[in-house]
Amino acid sequence: MRLSISNKILPLYSLLFIAFLASCTSPAVEEADIIFQNGDILTMNDAQKEVEALAIKEGKILAVGTLQSVGKHKGANTQIRDLNGGTLLPGFIDGHSHFSYAMRMLAQANLSSPPVDVIQNIPDIIERLKQHRDKFNIAEGGWLLGWGYDPDQLEEGRHPNRAELSAAFPDHPVFIRHASFHMGVANDQALAIAGIDEKTPDPPSGVIVREKNSSKPNGLLQETAMGAVFPHLPKATAEQLFQLVDAAQQYYAGFGITTAQDGLTDSLAYAFLKEAAEKDVFYLDLEVLASFRNVKSFIENEKFDESHNRVRLTGLKVTTDGSPQGKTAFFKDPYLTEVPGCTEECRGYPMLTDQQLQELVSICYTNDIQLYVHCNGDASIDMLLDMHQRVTDSLNLANNTQRTVVIHSQFVREDQLDQYKTYGFIPSFFTNHAFFWGDTHLANLGTKRANFLSPMKTASSKGIIATNHTDYPVTPSDQLFLLWTSMSRTSRANKTLGEKERLSAYEGLKALTINGAYQHRCEDTKGSLEVGKWADLVLLDGNPTKVTTDEITALQVLETFKEGKTIFTREKKN
């Protein structure tokens, strides 16, 4: 019997056969724009920590892996980047700093002590202010502004006072900010302009420090007491601000940062940042935290979690206490040394009442706004934990969904870390304190509290995702120095604060990369070198995981890339 296939069925078989052949053919391999090779490539992806090569296309990561696998994406137009033994890793993500402050500080006198600058005593401060006045041709009656002075590092061991600044500058109002930015000193002219005299009462959550045995102000204004001065300070022109935007971005990019933060932004500053974004001047991503003092305006006029040409209104920043080195942070137990403006039971003080904090937490949780809360002392952390529980109970919310960030968490207790884990809180630690103010904390707070400063290792052991930050301009935005402080925890006097809290280089780098992305709720697009993520990269001249702790600060950022494009370069040192 002869078998035959009808003419109607034959075309169907032909189509099936063609489809079968097509399925056996490899899909076209995408051609990379750039392939990086011949160096160490740290992905910060625990599933694939180090690779031989990385390919990018149109600003995103196309492939990571072996030279052979990534090499398949090499085409006629692919640029091969030889790393020359350098180390490539994700661009650093700023855990917390103040981008807008950075812009302003570039136009003011830097009064920092070593190693940031060279100020060693009060005469140095006065001389630096004179140099600043002459450099910028500040006429008689013009404001002289400075930042970064640290009484704990000055030879006099105290704050400058109004009399000293008035004698040196009788024809200028002067205002200088403490290194913590939680207080400052004004001279007589500045106090008069601000309307502060011996009859002026202390404002809520602030102190006008007085001369000994007198009601006359000595010039030191703590926390909200500075508010009387701020409205009178000179404002930069729009042209000056636009110039400062690029200078600030280059400052951040020079440390390998591809995502920066503006950690307390008022409505006016945000309006400028949006205007700058509309003019397409940003090449860094900027995470903006709206100031709690303008919460009503932001809620009514802005959209949170919305991005404008790299500028994103990320969340709301709330400040609950002050500075531990300035002795305004709020503690359960008292400071052990004398506190300016306080005579008994000196534990610092809260910046908000319980009711005010509860209202702010409720606003954020009700409107799905990510909450960032400045808490340094353990008493302020207790306030936040209590308010979180009250609000989640009243709104019947689940924990672990809001990703509330506790900025600094400087002197968090271990029992509070357990609550962080339960609530899904993210601590953004500040290990630079160990170096810059570790000796001060030992004196002010005692060994037990000082040694648990920024307890990153304990937090990690509890399964808490944590970040680390510089709080620039409080400390320089140098991410490699920050990495070193998280690994060494060594003070200026070479004392170790909490040896058990030391991190490995890899752990420290995670806090500056993928954990930072998690904190900002963008871990799907950045923070590690994985296919599909943005090619935000930093090239170092060495591998932090292969050098000793003491060698970390000798490493250099050679190049910073945003979405595959170079935004900063530095010549490799010999």
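Coordinate-derived values only; no laboratory data. Just so it is clear, the structure is predicted and the values come from calculations on it, not from any experiment. For neighbour counting, all protein chains shown are included, and Cβ atoms are generated from backbone atoms with ideal geometry for every residue, glycine included.
Applying both filters, DSSP loop and at most 11 other Cβ atoms within 10 Å, to the GluC sites (Glu not before Pro) of the stretch 280-325 gives GLU306.
Using the Cβ-Cβ distance between THR66 and THR566 with R0 set to 25 Å, the FRET efficiency from 1/(1 + (r/R0)^6) comes to roughly 0.45. Can you grab the distance from the C-alpha centre of the stretch 162-204 to the C-alpha centre of the stretch 467-499, Å, no decimals? Taking the Cα centre of each part, the stretch 162-204 and the stretch 467-499 sit 31 Å apart.
Spin-label pair GLU275-VAL531: with each label point 7 Å from Cα along the Cα-Cβ axis, the two points sit 4.6 nm from one another. Here the translational diffusion coefficient of the chain follows from Stokes-Einstein with Rh set to the Kirkwood radius across Cα pairs; for 20 °C and 1.002 mPa s it amounts to 84 µm²/s.
For LYS49 and LYS216, the FRET efficiency from 1/(1 + (r/R0)^6), where r spans their Cβ atoms and R0 equals 60 Å, is about 0.45. Distant-in-sequence amide contacts of LEU503, defined by a placed amide H-H separation under 5 Å and a gap of 5 or more residues or a different chain, comprise MET487. A straight line joining the Cα centroids of the stretch 350-383 and the stretch 526-543 runs 34 Å. The gain in end-to-end length when the LEU268 to VAL547 segment is fully stretched comes to 95.9 nm, 0.36 nm per residue minus the alpha carbon separation. Annotation: amide H-H contacts under 5 Å for ILE34 (H modelled 1.01 Å from N, sequence separation of 5 or more, or interchain): ILE56, GLN79. Counted over the chain, the DSSP beta bridges are approximately 50% antiparallel. Each residue of the stretch 485-493 was assigned a 3J(HN,Hα) from its phi angle through the Karplus curve 6.51 cos²θ - 1.76 cosθ + 1.60 (θ = phi - 60°); the sequence is 5, 6, 8, 9, 6, 9, 7, 4, 8 Hz, with glycine and proline shown as x.
Projected label points at ASP393 and ALA554, each 7 Å from Cα along the beta carbon direction, are separated by 5.6 nanometres. With contacts taken as Cα pairs under 8 Å and at least 6 residues apart, the chain reaches a relative contact order of 16 percent. Couplings 3J(HN,Hα) for the stretch 568-573, derived from phi with the Karplus relation 6.51 cos²θ - 1.76 cosθ + 1.60 (θ = phi - 60°), are 7, 9, 9, 5, 5, 6 Hz, where x marks Gly and Pro. For the chain, the 222 nm mean residue ellipticity estimated from helices alone, with every DSSP H stretch of n ≥ 4 adding -39500 (n - 2.57) and the total spread over all residues, rounds to -9000 deg cm²/dmol. Structure note, pairs LYS327/LYS500; LYS526/LYS562; LYS49/LYS510; LYS49/LYS565; LYS57/LYS562; LYS49/LYS573: Cα-Cα distances above 19 angstrom occur for LYS327/LYS500; LYS49/LYS565; LYS49/LYS573. Summarising the label geometry, the points placed 7 Å from Cα in the beta-carbon direction at SER504 and SER307 lie 3.2 nm from one another.
Sequence-ordered 3J(HN,Hα) estimates for the stretch 219-228 from the Karplus curve with 6.51, -1.76 and 1.60 and θ = phi - 60° stand at x, 7, 10, 9, 6, 5, 5, 5, x, 6 Hz, glycine and proline given as x.
In whole percent, what relative contact order does the stretch 291-526 give with Cα contacts below 8 Å and a gap of six or more residues? Contact order relative to length: 15 percent. Compared with the dominant Cα axis of the chain, that is its longest principal axis, helix 414-423 is turned about 50°.
The residues packed around LYS49, meaning those with a beta-carbon under 14 Å from its beta-carbon, carry a net charge of -4 if Lys and Arg are +1 and Asp and Glu are -1.
The loop-placed GluC sites (Glu not before Pro) in the stretch 499-574, going by DSSP, that have at most 12 neighbouring Cβ atoms within 10 Å of their Cβ come out as GLU571.
Got the relative contact order for the stretch 413-508 handy, in percent, Cα pairs under 8 Å and 6 or more residues apart? Relative contact order for the stretch 413-508 comes out at 36 percent.
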